[in-house]
Each structure stands twice: as C-alpha cells, then as structure tokens.
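To start, the structure itself, in structure tokens.
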Amino acid sequence: MAARVVVVGGGYGGSAVARQLDDVADVVLVEPRDGFVHTVGALRAAADAAWEDRVFRPYDGLLKRGRVLQDWVRSVSPGVVLLSTTQRLEADFVVLATGTSYAFPAKTGDLTRDGAVAALARMRDDLSRCDAVLVEGGGPVGLELAGELTHAFEDLHVVVVEREDRVLPGEDVEPELRESVVRQLTDRGVELVTGAALVAPPPYEVGRYGPFVAETAAGVSIGAQMWFRCHGARPLTDYLDDDLVALRRRDRTVRVTRHLSLVGEDRLFAVGDITDMPEDKRATVAHEHAGVVVQNIRDLMAGHPPSAAHRPARRRLVLALGPDAGAAQVEQADGSVVVLGARDTVRLKEDDLTRTDLPAPVALVGVPPQPKRPTA
Ligand SMILES: Cc1cc2nc3c(=O)[nH]c(=O)nc-3n(C[C@H](O)[C@H](O)[C@H](O)COP(=O)(O)OP(=O)(O)OC[C@H]3O[C@@H](n4cnc5c(N)ncnc54)[C@H](O)[C@@H]3O)c2cc1C
C-alpha cells in the first residue's frame, strides 16, 4: 500500500509538495479555497482586472492520482488531521503549508474565485470614485499597493501612514533601496506620513468606499474615501493540537529542523511562511522548502533517514511599484547586497511569477507581454 500523505494548505509550498509526491504516495491536499492563488501577482490583479486569470487558478490537473479536498483543517496531531466538518484523515506523513494571513486585497476573504473577482471588481469601481486613499503601513506590501494603485489610477492621491520614522523600517533594508522607492513614489505624488500611527482605524471596511478623516497620533489629519490595512500579517498555525502547541513560537511560526520536520517529529513537516527558518518569507523559498520535504519523505518511504537539509535562503527583496517601476535588493554569494533599479526589478518580479506558478499555466487573457531577460 502506498504511503498516505496529507498536505495542509494549497498555496506555493503545499501545492508543490502535493504535486511532487503524487506519483509515489496517496496524496490528499486540503485547502479551503476553490483554486490556487498566485499571491505574488495579487496586488497587480487588484489594480488591473486583466491579471485575474493569472492569479486565480483552478487546481485542475495538479494531481493525477491524489485529490484536493476543499475544507479547512481545524486540528493537526502527528498522523491525524481533523477537518472543519467531522471528517478525520489518517496519514503516514503530514505537511503543514498554511502560509500567512494578509488583509484584502493582498488576500481575499472570499474562498471562491468568483467571489474574489467580484470583490476586486467592486473595489475598482469604488476606487474610480475616490480622490484619495489611505494605506496604513509603509512596509513592502503597503508600498507595492501604493505603486500599483498610482499606476492604474493616475489621478488618485495615495497617502501612506507608517508609525516608524521611515517607510520600509526593517533593519535589513538597504538605504539605497529605500531612497529609490521613496523617490519613485513621491514623484508620482504619493504622500508618506511617517513617525506616528493612526489614532483609530477609519470607520469602514478596507477596500470599500466611505469618506472619512483619519488622524495620526502626531495630529496629522488625512481625508480619504477608502483605506487599506497593510500590516499585522501573521502565520496561520492555530490548528496545532495540545501536544504540538509548544512548537509554536510567539510570532506564530513553528519550530523546524534543517530537514523541515517539526522539532521532535520525524513524519510531520512544515514548509513556507510558517517555518521559523531565519530568512525572508517568499514564494520562491516555499518552493525550495517543498523540494527538501519531498526528498525527505521519499527517503523515509524507502526506509532511509532524511537526506535533504535546507539552508536559510539569501536575502532578497523585490519591490514592484506597478508593471514598469520598483527597486530590488539581492544578496550575493559573498554576503554583499546589490540594489537594482526598475528594469531589473520588473524582470525579477516576472521571474518570481513564472518560477512559482502552477506547472501548466492557462493562456493569459489580455496581459501584455513582459520584457524578456537580456540574453547577453
Ligand atoms: C502582496 C504580496 C506580494 C508578494 N510578492 C512576492 C514576490 O514578488 N516574490 C516572492 O517570492 N514572494 C512574494 N510574496 C510572498 C509570498 O506570497 C509568500 O511567501 C508565499 O505565499 C508563502 O507560501 P506558502 O506556501 O507558505 O503559503 P501560501 O501561498 O499563503 O498558501 C497557504 C495556503 O494555506 C491555506 N490555509 C490556511 N489555513 C488553512 C487551514 N487551516 N486549513 C487548510 N488550508 C489552510 C490558505 O488558504 C492558502 O491557500 C508576496 C506576498 C504578498 C502578500
């Protein structure tokens, strides 16, 4: 009998693990959404409907032998996974791949493609009535959103509120990258209000039309008709049972070994954003994790100890500000970091989109061809 593998979460890491074990194991992929969401392009799709087909994808053809179960996992113990219904799955191997929660529109609350697309269409309709929007949070997601919005809605005034003294406040961010991003955004009229948080969130749901005046703790008033929350993302690991909960850190990541098994567990693995690997959380890294876990499960199935180990990925930040702008920083093999301009950033973003896509991309509808990597 083939080994039973339950994969929890069908994003980048989970769908890659499920697909790569499908030929040797009985795989069940549990995912509440009705398809794969290509989050790397989510903010582009929020601003530009032509990107929706690239971002919201059916799982059709992902698994030949295995199956995708559309449900939430509510509890995980070694070898046993309980679903939101009364269903109980027993497994020889369990792989956790539940990622991070982000507010709309980086992720949508609607679990169906149709619902997500309708929510984005309503938001874009509302945006065309707005003079100004407020983005709360000046980290990579907030600034990427500001870039996409100002590209798609040229007359829209975007105000980014960041409670630290500067946007992109992370210590790992190169000053040159920060300066480049600030320059590109302010050239488009984006207003950066730093050094104080909002006293209270605006009285409307994020991404919905509703005129308001918000105030920062420093007394700056901001009038706008829509707002977005771009902070407070957290790894989704609530489902660990009482015996596993000690493996969850304060930041909600789970403790893993270099083989990406949970500490003290040899048949329970984790991949992607939820791991406590000291590295940037990226789709490309989730894919690397998937390769390690697949190899280790294959080893264990063959009666060998796990042979693959993950080394924390090199630092890399790709900050697109719309389809033709942005900046990136990439750590080199010798530990130095290079900062790249708009042209290279566009290429790196496209690389990430392509490398982390499901294997058989559907034909793109209405998406303009992207610049090719120079061959020299
Ligand atoms: C706006 C934005 C831009 C980004 N740009 C880039 C980029 O350019 N390059 C890059 O490499 N990375 C980028 N990232 C980061 C990248 O999206 C994440 O690192 C990546 O999604 C992590 O993959 P994952 O497999 O861990 O989780 P995810 O891809 O988030 O998948 C997790 C899945 O688990 C499911 N799930 C959650 N809870 C449960 C449960 N209880 N039961 C069952 N299923 C569950 C979710 O529905 C989801 O489908 C970006 C992220 C954002 C938000």
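The values are calculated or read from the model by the stated rules, or taken from the named source; none is laboratory data. Nothing here was measured: the structure is a model prediction, and the numbers come from that model. With ideal geometry, Cβ positions are generated from the backbone for all residues, glycine too; neighbour counts draw on all protein chains shown.
A few remarks follow.
- Among the conditions (1) within 25 Å of the chain's Cα centre (by Cα); (2) more than 22 Å from L317 (Cβ to Cβ), L185 misses just one, which is (2).
- Filter result for T39 (under 21 Å from E350 (Cα atoms) and of a type in the set (S, T, N, Q)): yes
- Of all residues in segment 237-261, those satisfying the criterion of being closer than 21 Å to G79 by Cβ and either within 12 Å of the ligand (Cβ to nearest atom) or touching a residue at least 40 places away in the same chain (Cβ under 8 Å) (or both) are T237, D238, Y239, L240, D241, D243, L244, V254, H259, L260, S261.
- Test set (1) within 14 Å of the ligand (Cβ to nearest atom); (2) without any contact (Cβ under 8 Å) to a residue 60 or more places away in the chain; (3) over 15 Å from the mean Cα position of the chain (by Cα) - V73 fails condition number: (2)
- Residues in segment 278-288 that are more than 6 Å from the ligand (Cβ to nearest atom) and either within 24 Å of G41 (Cα to Cα) or in contact with a Lys or Arg (Cβ under 8 Å, 6 or more places away or on another chain) (or both): 5 in all.
- With respect to (1) under 25 Å from the mean Cα position of the chain (by Cα); (2) crowded, with 19+ Cβ neighbours inside 10 Å, the lone exception for P201 is condition (2).
- Search result, residues across segment 245-263 that are assigned to a loop (DSSP other than H, G, I, E, B), among the β-branched types (V, I, T) and under 20 Å from the mean Cα position of the chain (by Cα): T253
- Test: residue in segment 106-113 that is within 22 Å of L321 (Cβ to Cβ), of a type in the set (A, V, I, L, M) and buried (at least 19 other Cβ atoms within 10 Å of the Cβ): yes
- Candidate set from segment 267-291 (those that are in contact with a Pro (Cβ under 9 Å, 6 or more places away or on another chain) and over 27 Å from L319 (Cβ atoms)); member that is surrounded by the fewest Cβ atoms within 10 Å (Cβ to Cβ): R267
Table: residues versus (1) assigned to a loop (DSSP other than H, G, I, E, B); (2) more than 22 Å from L340 (Cβ to Cβ); (3) of a type in the set (G, A, S).
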position	(1), (2), (3)
V161	no, yes, no
V167	yes, no, no
E171	yes, no, no
E179	no, no, no
L185	no, no, no
G189	yes, yes, yes
A200	yes, yes, yes
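- Segment 343-361, residues that are of a type outside the set (D, E, K, R) and either closer than 28 Å to A18 by Cα or surrounded by fewer than 17 Cβ atoms within 10 Å (Cβ to Cβ) (or both): L348, L353, T354, T356, L358, P359, A360, P361
- Scanning segment 313-344 for residues that are touching a Gly at 6+ places or on another chain (Cβ under 8 Å) and not in a loop (DSSP other than H, G, I, E, B) yields V318, L319, A320, G326, A327, A342.
- Residues that are within 11 Å of the ligand (Cβ to nearest atom) and among the aliphatic types (A, V, I, L, M), drawn from segment 76-104: V76, V81, L82, L83, V95, L96, A97, A103
- Test result for G170, surrounded by fewer than 19 Cβ atoms within 10 Å (Cβ to Cβ) and not aliphatic (A, V, I, L, M): yes
- Spans of helices (runs of 4 or more DSSP H) in segment 1-71 with at least 1 residues at pLDDT 95 or above and in contact with a Gly (Cβ under 6 Å, 6 or more places away or on another chain): 12-21, 52-55
- Here T150 passes the criteria (1) surrounded by 20 or more Cβ atoms within 10 Å (Cβ to Cβ); (2) within 13 Å of the ligand (Cβ to nearest atom); (3) not charged (D, E, K, R) except the one numbered (2).
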